[in-house]
1. Cα convex hull of the range 138-226: mean projected area in nm², to one decimal?
2. Whole angstrom only: what separates the Cα centroid of the range 42-105 from the Cα centroid of the range 154-226?
3. Just from its helices, what would the mean residue ellipticity at 222 nm be for the chain, if runs of 4 or more DSSP H residues each count -39500 (n - 2.57) and the sum is divided by every residue, rounded to the nearest 500 deg cm²/dmol?
4. Magnitude of the Cβ-charge dipole of the range 20-89, K/R +1 and D/E -1, about the Cα centre, nearest 20 debye?
5. Residues with amide H under 5 Å of residue 25's amide H, sequence separation 5 or more or different chain, H placed in the peptide plane at 1.01 Å from N; which?
6. Let me know the charge dipole size of the chain about its Cα centre in debye, to the nearest 20, where only the beta-carbon of Lys, Arg (+1) and Asp, Glu (-1) is charged.
7. How big is the shadow of the Cα convex hull of the range 27-142, averaged over all directions, in nm²?
8. Could you grab the relative contact order for the range 3-81? Cα pairs under 8 Å, six or more apart, rounded to a whole percent.
Amino acid sequence: MKTYSIVGNNPELIDKIFQEKGYIRDDINPNFVISYGGDGTLLKSEHEYPGIPKLFLRNSLIGNLGFSESNENVIEKFFSDTLTVNKYFKIEANIKDRKIIAVNEFSLKNKNPRYSIRFDVCVNDKKILNHIIGDGLIAATPIGSTGYYRSITRSTFELGIGLAFNNSHEHFNHMVLKEDSIIKVVILRGPAFCYVDNHDEEMSLEVGDEILIKKSEEFLNMFSEK
């Protein structure tokens, strides 16, 4: 049985197209999920249905991910079985006894916009940046490098994990690390908070708190061209 779910606004037309082809909507345990919107909708759909293959249909002018052609062409290719599922790695941030997972990016920010935060950065147990003063840090995946990371660095990347520094007092070049790198961030002065992607949930951080960022064992599975 071919079952699907949809995440997005005004999905009635898409529902009709798929149901006319014999697909059954199942919002509990679908075989695949249609993300109908922009990049933010894709992140939301992965948050709600992690690991289940996503078919990205655009219903927004905002965003860089997904297909460059019309939804009609994408749907036709899907029905003719000319698409494949590609895997895109996620990153995880371990904080205290919690783990949060990002498709696009992990964001560390100053909680009070009137004051900077201070932090150290270590990679694979080696301190590479000492006493950074600024508004925060971004750790991004390749698929996420077209988002907030790009707005800071004016660049993207295809391999590895990217680090970008937001409004640091000293100029620090952004860097792209190997994807198996383990990044440790130590808060020297707060208060700060962190979150991933466009999730509403955030975590507060104080002096002495440590964040371990690394490649996750989870993947975003998304239909793409063969």
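Values quoted throughout were computed directly from the atomic coordinates according to the rules given, and no laboratory measurement underlies them. Here the structure is a predicted model, which means the values were calculated and not measured. With ideal geometry, Cβ positions are generated from the backbone for all residues, glycine too; neighbour counts draw on all protein chains shown.
1. Average of the hull's projected areas for the range 138-226 equals 7.3 nm².
2. Each part's Cα centre sits 19 Å from the other's.
3. -4000 deg cm²/dmol
4. On the way: 7 positive and 10 negative charges, 28 e Å.
The calculation lands at about 140 debye.
5. When sequence neighbours closer than 5 places are left aside, the close amide H contacts are 4.
6. Values: 27 positive and 32 negative charges, 113 e Å.
Once rounded to the nearest 20, the dipole reads 540 debye.
7. Orientation-averaged projected area of the Cα hull: 10.6 nm².
8. 27 percent
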